[in-house]
Amino acid sequence: MEYREFTAKNVDDAITEACEALLVTSDRLDYEVVTSGSSGFLGINAKPAVIKARIKEDKPEEKVEVKTEPKKEIKNEVKKENKKVSEEPKATKTSDINAGELTSKSDAFLKEVFDAMKMEVAVESKFNAEDNILDIELSGAEMGVLIGKRGQTLDSLQYLVSLVVNKDSADYIHVKVDTENYRERRKATLENLAKNISYKVRKSRQSVALEPMNPYERRIIHSALQGDRFVTTHSEGEEPFRRVVVTLKK
């Protein structure tokens, strides 16, 4: 399958757009970041993020040829290989250093933000080097303020932190900012909403347009109804007013 180009405000949104268009989850997406984009100064000269994406191809099983050798020769080779391994210097792990740099950079930025807001917020950051994901958990007395309406403030913080940690990074770092398990609670709410809308569409036989949502939330609705036998989903409109429409299958 050939690569298709997707453009959005940032790389995470572009990935979500690709998942929506190709009807796959992000773990089944094969993509390359063409440009990570920039927000410009106060929105002036902002540049969108661009990725090329396609559905991952299933790798065929590789056939391994097993050669039979005399036992003595095999033992000798094993001894030589073990000796070679012991003589080689151990590789230096850079993931810990990178993790420390990333968490320090994001924590320092968030401290400045919360100091300006005059809020006391505890920040716990963990970097998963294998998946290139920076998880940030916030806690404090006024988390409702940080979540905002439908998580908009939390999403904005997540976007800003993503800009900070990816500014000088060779590989794109995914950022997830959460508090009081809001992301999981919101996901459960949206999945329940999707089921209710599906039932409503089946009963009324009329399409239903949901309220505008960000790409992450739209993807939850699409995924929740992807296997539904009676309805199908698609997105309509332009950001930030893009919404999911649920229609009856023909």
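The values are calculated or read from the model by the stated rules, or taken from the named source; none is laboratory data. The structure presented is a predicted model; accordingly, all values stated were derived computationally and were not measured. Positions of Cβ are backbone-derived with ideal geometry, glycine not excepted, and every protein chain shown enters the neighbour counts.
Just wondering, is there one or more residues in region 159-168 that are in a loop (DSSP other than H, G, I, E, B) and surrounded by 12 or more Cβ atoms within 10 Å (Cβ to Cβ)? Scanning region 159-168 turns up no residue that is in a loop (DSSP other than H, G, I, E, B) and surrounded by 12 or more Cβ atoms within 10 Å (Cβ to Cβ). Exactly one residue out of Ser223, Ser198, Ser156, Ser235 is in the same structural domain as Ala122 (by TED's automatic domain parsing), surrounded by 13 or more Cβ atoms within 10 Å (Cβ to Cβ) and among the hydroxyl-bearing types (Ser, Thr, Tyr), and it is Ser156. In this structure, does Glu191 turn out to be outside the structural domain of Leu110 (by TED's automatic domain parsing), of a type outside the set (A, V, I, L, M), in contact with a strand residue (DSSP E or B) (Cβ under 7 Å, 6 or more places away or on another chain) and surrounded by fewer than 16 Cβ atoms within 10 Å (Cβ to Cβ)? No; evaluated as a whole, the condition is false for this residue. Restricting attention to region 183-223, the residues being within 21 Å of Asp135 (Cβ to Cβ), among the basic types (Lys, Arg) and out of contact with any Asp or Glu (no Cβ under 7 Å at 6 or more places or on another chain) number 4. Taken over region 87-127, the criterion of being modelled with pLDDT under 90 and among the charged types (D, E, K, R) is satisfied by Glu87, Glu88, Lys90, Lys93, Asp96, Glu101.
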